[in-house]
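The values are calculated or read from the model by the stated rules, or taken from the named source; none is laboratory data. None of these values were measured; they are calculated from a predicted model. Positions of Cβ are backbone-derived with ideal geometry, glycine not excepted, and every protein chain shown enters the neighbour counts.
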Amino acid sequence: KALSRTREVDIPGGWKAGQPVPYAALAKVFALIEGTTKRLEKTSLLTSFLLLVIQRSAPGDTESLLQSVYLCINRLCPDYVGIELGIGESLLLKAIAESTGRSIATIKADLKKEGDLGLVAKNSKNAQKTLFKPKPLTVPFVFQKLKEIASSTGHSSQTKKVSIITKLLAACQGEEAKYIIRSLEGKLRIGNAERTVVVALSHAAVLAEQEKANRRLNTEKLTARLEAAAEIIKSVYSELPSYDLVIPALLRVGIDNLKGECKLTPGVPLKPMLAKPTKAIGEVLDRFEGKKFTCEYKYDGERAQVHKLEDGTINVFSRNSEDMSKKYPDLMDQIPRCLKAAARSFVLDAEAVAVDRKSGQLKPFQELSKRKRKDVKVEDIEVWVCLFGFDLLYLNGESLLHLPFVERRELLREHFQEVRSEFAFAKSSDGETTEEIQAFLEESVKDGCEGLMVKMLESEASHYEPSRRSVNWLKLKKDYLAGVGDSLDLVVVGGYYGKGKRTNVYGAFLLACYDADGEEYQTICKIGTGFSEEALQAHYETLKPLELTKLRGDIKVGGAKPDVWFEPKVVWEVLTADLSLSPIYTAAQGLADERGISLRFPRFIRIRDDKSADDATGPEQIAEMYERQVLAQSKGGKKNKGG
Ligand code: ATP
């Protein structure tokens, strides 16, 4: 099926072996992908394109495939390098105006009508008469320009960005301007989730190998081989989330040898393992029945993944794979003191928590969030941090991901040492009865923690699962016991102007969850109570620059009617008393019920600037929470109310 589509995305005569990939070919594939809602078809279109890229790349050229994949997922480098797209609307408007000779006001009016700046740019270009046909854009050229735009900082960077975008647009033909503008906005919006690209990449690699070897498998065998290949790339990527490393290796050694070639590597942060929420100690015992498990304090700080390379370099990465060495120069000083000599290279999973250095008392996350995020100088630090190590993922040249947790913990304790107020092992108790867990939970709260993390200790179920929210790690927060449930991380997508004293700021906000499969934000509730005047002012200042002229196509609105729309960027942690079915909001529509799910009495907890909009809570989780609530209510004999 994949092969039969090869022709459809071909640009006749325009792309010979050894030549750079034309951007027009990619834009054509994007248009075809956008034109179908069927996931299999999207995958096969992309497979055909990537297969062509592999087959037409000159021997030894790994960049063509690498750059094509990056453009398909709209990224420019691994997450930890921190060069991101997401250019504000006003800069894009300016560039479109400059390159097409139209006024910003007319472009804005078009945008109001169309709702898609990409389309407006394309139409503006196509209406323009040009004397000369511009030189066709190529994938390497566009990639390099996007990178220049995204990485330019400092004083004159705005002007520089506008100038590069203007020139890029001037060279666009056909559909190209639409996708270049959307790339710059930060989202392609063609329903092309990263997992689709990864599957297509693996399929293209298998098909290319087969054609090269002139081998044909029967359909059954081919299907099995394609599925196995997709699993290999997914698993390799979760250990080594860098296409810069995985794609050249794939082309060099092939799918079957990829696992041996690409392993967890200090310096490349892996996506952390996450926990499932549980509401009661009984639920923990049910899930872990008969298995050995341990309870650890759930510290209320910021996740820190510490890497030490053989050459002595130390890196600290955030939950989001951001390099945090500039935020935590104090940690960088502290870390060497907690190592024993035998720890030559390692990856440590830990939580950085605000601490009172004199008393050793832990402080809540709110204290930690007072620290600056960048360019912190040790002499200016007022809020100190203690690192609590809870897992060891790599040690002296070996990945430990596939060892049982009990062995990883042993190695952690052997190779690190506690230093007062600087480093400690996460406090744990291997107790097994409800009473023991209850007592430990209360102790954790008294010591300033959020509750407990309960982890499987032995067997395969206790292996480290990068990027997974796993049932083998359960979180038990003190709040859950009060019946409130887990908090949600939601994206602020809209604002309502305030009333009375608050007319100069937004008085309430529209929140959304994020569906990674459909690449869309689904609205979930309006939140507007409990904000102080100062907080509203601060939110206004953050959100005002993100205002959009027109609602973007990837926000599934339902019946909500905010006064303004925002670029989906800001993530808030929110608690709710209750979830209810809603005719207005779209979150998790079609999962638990035809209707969407909404939050009743949402309460703002904090800004989550360690999470990006794509890390927001997903619809499946919301449906799961809702279903659990219905179950609990029916057990308790209460009726579930729709809303
Ligand atoms: P939240 O932190 O709001 O609960 P989350 O989505 O960031 O949500 P969870 O999976 O819910 O992450 O909880 C795991 C988080 O708890 C980790 O990311 C880590 O920052 C923190 N944590 C604190 N103590 C521990 C511990 N002992 N083991 C694992 N994680 C811990």
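Restricting to helices (runs of 4 or more DSSP H) lying wholly in segment 25-132: which have 2 or more residues that are farther than 25 Å from Lys147 by Cβ? Write out each step before concluding.
Working: elements: 39-56, 63-73, 89-100, 104-114, 117-126.
By residue number, 39-56, 104-114, 117-126.
Could you check how many residues of segment 452-467 are surrounded by fewer than 16 Cβ atoms within 10 Å (Cβ to Cβ) and either closer than 14 Å to Glu283 by Cα or in contact with a Lys or Arg (Cβ under 9 Å, 6 or more places away or on another chain) (or both)? Quick ask: steps written out before the conclusion?
The first filter runs over segment 452-467 and keeps only residues surrounded by fewer than 16 Cβ atoms within 10 Å (Cβ to Cβ), leaving 458-460, 467.
Now narrow it down to the ones that are either closer than 14 Å to Glu283 by Cα or in contact with a Lys or Arg (Cβ under 9 Å, 6 or more places away or on another chain) (or both): 458-459, 467.
Residues in segment 452-467 being surrounded by fewer than 16 Cβ atoms within 10 Å (Cβ to Cβ) and either closer than 14 Å to Glu283 by Cα or in contact with a Lys or Arg (Cβ under 9 Å, 6 or more places away or on another chain) (or both): 3 in total.
For Tyr514, only one of the following conditions fails: (1) surrounded by fewer than 23 Cβ atoms within 10 Å (Cβ to Cβ); (2) not in a loop (DSSP other than H, G, I, E, B). What is its number?
Looking at each condition in turn, Tyr514 falls short on (1).
Look through segment 579-624, keep the residues that are of a type in the set (Lys, Arg) and over 30 Å from Ser321 (Cβ atoms), and return whichever of them is surrounded by the most Cβ atoms within 10 Å (Cβ to Cβ).
Of the residues in segment 579-624, the ones of a type in the set (Lys, Arg) are 595, 600, 603, 606, 608, 611.
In the following step, the residues that additionally are over 30 Å from Ser321 (Cβ atoms) were identified as 595, 600.
On the way: Arg595: 20, Arg600: 13.
Among those residues, the one meeting the criterion is Arg595.
Only one of (1) part of a loop (DSSP other than H, G, I, E, B); (2) within 29 Å of Arg357 (Cα to Cα); (3) not basic (Lys, Arg) fails for Glu458. Which number is that?
Of the numbered conditions (1) part of a loop (DSSP other than H, G, I, E, B); (2) within 29 Å of Arg357 (Cα to Cα); (3) not basic (Lys, Arg), the odd one out for Glu458 is (2).
Of Leu387, Leu331, Leu348, which residue is more than 21 Å from Ser238 (Cα to Cα) and either within 13 Å of the ligand (Cβ to nearest atom) or basic (Lys, Arg) (or both)?
Details: Leu331 fails: either within 13 Å of the ligand (Cβ to nearest atom) or basic (Lys, Arg) (or both); Leu348 fails: more than 21 Å from Ser238 (Cα to Cα).
Being more than 21 Å from Ser238 (Cα to Cα) and either within 13 Å of the ligand (Cβ to nearest atom) or basic (Lys, Arg) (or both) holds for just one of Leu387, Leu331, Leu348, which is Leu387.
Which residues, taken from segment 288-310, are more than 16 Å from the ligand (Cβ to nearest atom) and either crowded, with 22+ Cβ neighbours inside 10 Å or of a type outside the set (D, E, K, R) (or both)? Show your work before the answer.
Step one: list which residues in segment 288-310 are more than 16 Å from the ligand (Cβ to nearest atom), which gives 289-292, 307-310.
Result: Gly290, His307, Lys308, Leu309.
For the condition in contact with a helix residue (DSSP H, G or I) (Cβ under 9 Å, 6 or more places away or on another chain) and more than 13 Å from the ligand (Cβ to nearest atom), what is the one hit in Glu432, Glu436, Glu443? Before you say what the answer is, go through the steps one by one.
On the way: Glu436 fails: in contact with a helix residue (DSSP H, G or I) (Cβ under 9 Å, 6 or more places away or on another chain); Glu443 fails: in contact with a helix residue (DSSP H, G or I) (Cβ under 9 Å, 6 or more places away or on another chain).
It is Glu432.
Restricting attention to helices (runs of 4 or more DSSP H) lying wholly within segment 190-267, give those where 3 or more residues are in contact with a Phe, Trp or Tyr (Cβ under 7 Å, 6 or more places away or on another chain).
On the way: elements: 194-212, 219-239, 243-253, 258-261.
Here the list is empty.
All but one of (1) within 24 Å of the chain's Cα centre (by Cα); (2) over 23 Å from Gln55 (Cα atoms) hold for Gly260; which doesn't?
Unmet condition: (1).
Could we say that Glu367 is of a type in the set (D, E, K, R) and either surrounded by fewer than 17 Cβ atoms within 10 Å (Cβ to Cβ) or assigned to a strand (DSSP E or B) (or both) here? Full working, then the answer.
On the way: of a type in the set (D, E, K, R): yes; either surrounded by fewer than 17 Cβ atoms within 10 Å (Cβ to Cβ) or assigned to a strand (DSSP E or B) (or both): no.
Taking the combined requirement at face value, the residue does not satisfy it.
Would you confirm whether any residue within segment 426-433 is within 17 Å of Thr294 (Cβ to Cβ), exposed (fewer than 14 other Cβ atoms within 10 Å of the Cβ) and among the polar types (S, T, N, Q)?
Yes, some residue in segment 426-433 is within 17 Å of Thr294 (Cβ to Cβ), exposed (fewer than 14 other Cβ atoms within 10 Å of the Cβ) and among the polar types (S, T, N, Q).
Being out of contact with any helix residue (DSSP H, G or I) (no Cβ under 6 Å at 6 or more places or on another chain) and part of a loop (DSSP other than H, G, I, E, B) is the filter; apply it to segment 176-188 and report the residue that is modelled with the highest pLDDT.
Among those residues, the one meeting the criterion is Gly186.
If you go through segment 363-381 one residue at a time, how many are away from the ligand (no atom under 16 Å from the Cβ), of a type outside the set (Lys, Arg) and in contact (Cβ under 8 Å) with a residue 12 or more places away in the chain?
Matching residues across segment 363-381 total 4.
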